[in-house]
1. Looking only at the stretch 101-110, decide whether some residue is crowded, with 21+ Cβ neighbours inside 10 Å, over 14 Å from the mean Cα position of the chain (by Cα), without any contact (Cβ under 8 Å) to a residue 60 or more places away in the chain and part of a helix (DSSP H, G or I).
2. Looking only at the stretch 114-133, which residues are assigned to a loop (DSSP other than H, G, I, E, B) and over 19 Å from the mean Cα position of the chain (by Cα)?
3. For the stretch 150-182, give me each residue that is surrounded by fewer than 20 Cβ atoms within 10 Å (Cβ to Cβ) and not small (Gly, Ala, Ser).
4. Which residues, taken from the stretch 140-196, are touching a residue at least 60 places away in the same chain (Cβ under 8 Å), within 12 Å of residue 43 (Cα to Cα) and in a loop (DSSP other than H, G, I, E, B)?
5. Quick test of your reading of the structure: residue 241 fulfils all but one of (1) modelled with pLDDT under 85; (2) more than 21 Å from residue 74 (Cβ to Cβ); (3) among the charged types (D, E, K, R). Name the failing condition by number.
Amino acid sequence: MESIELQNVRKNSYAKTESLRALKTNLQFCGDDVKTILVTSSLPNEGKSTVTFDLARSLTESGKSVLLIDTDMRKSVLVGRLRAKTVKKSEIQGLSHYLSGQKKLTDVLYATQIPKLFMIFAGPSVPNPTEILEKRYFSELIDFAREQFDYVLIDCAPIGAAIDAAIVAKHCDGAVLVIAQGMANSRLIGSVKKQLEASGVRILGAVLNKVRMENNHYGKYYGHYYGSYYGDYYKKEEQEESV
């Protein structure tokens, strides 16, 4: 297994750190049988990749080993956003290489400079991501990850734009839906929720992202509960580029 350096890892603000702690705590109270967690959104640019990565970091700070798998083989941004470089300056191999049989699992699994955080990047875009996600290689990857890591976080393509998340959800213990303020309407969110439920996955909750804090009277309450959803994630960095 090769090591990789993430050259663009930002220090989180106090508010963001507290929000992540609330989200992490709520997930941990879902039970010790919830280890493999899918993170998706209704639409692109709602911040799911940023939330997934920051949650992974937060979990490692509690001493948990985490594998982050990027399954968005349509439009992944993690390599570029994190400015990921292998220590040996070689080309980064990804999930699409593994699922297509070109590379072994050990070739696409990377250790990072963040203790206990490991990553599998999406790899090059492919024309048939849904098809290759249904191959036995993905099932074998999830089985391996369950045995080797405390948590497996899976970043998926927006379910409102592709059905990949519904395929991946069959292998997961739970799903978290990232919702950016002012983007997806309630009808679309309801449709996405139904799609996830149809896959048989347990919906753990929703993360409210990109909230405009100056207009939010409840912004001071991190991890605010509402309905059957929990772990709201308040984020002040409106200008941050996100998926």
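The values are calculated or read from the model by the stated rules, or taken from the named source; none is laboratory data. All figures in this text were calculated on a predicted structure; none of them were measured in a lab. Virtual Cβ from ideal backbone geometry, glycine too; neighbours counted across all protein chains shown.
1. Yes: the stretch 101-110 contains one or more residues that are crowded, with 21+ Cβ neighbours inside 10 Å, over 14 Å from the mean Cα position of the chain (by Cα), without any contact (Cβ under 8 Å) to a residue 60 or more places away in the chain and part of a helix (DSSP H, G or I).
2. Result: 126, 127, 128.
3. 150, 163, 167, 170, 173, 181
4. 156, 157, 158, 159, 160, 161, 162, 183, 184 - these are the residues of the stretch 140-196 that are touching a residue at least 60 places away in the same chain (Cβ under 8 Å), within 12 Å of residue 43 (Cα to Cα) and in a loop (DSSP other than H, G, I, E, B).
5. (2)
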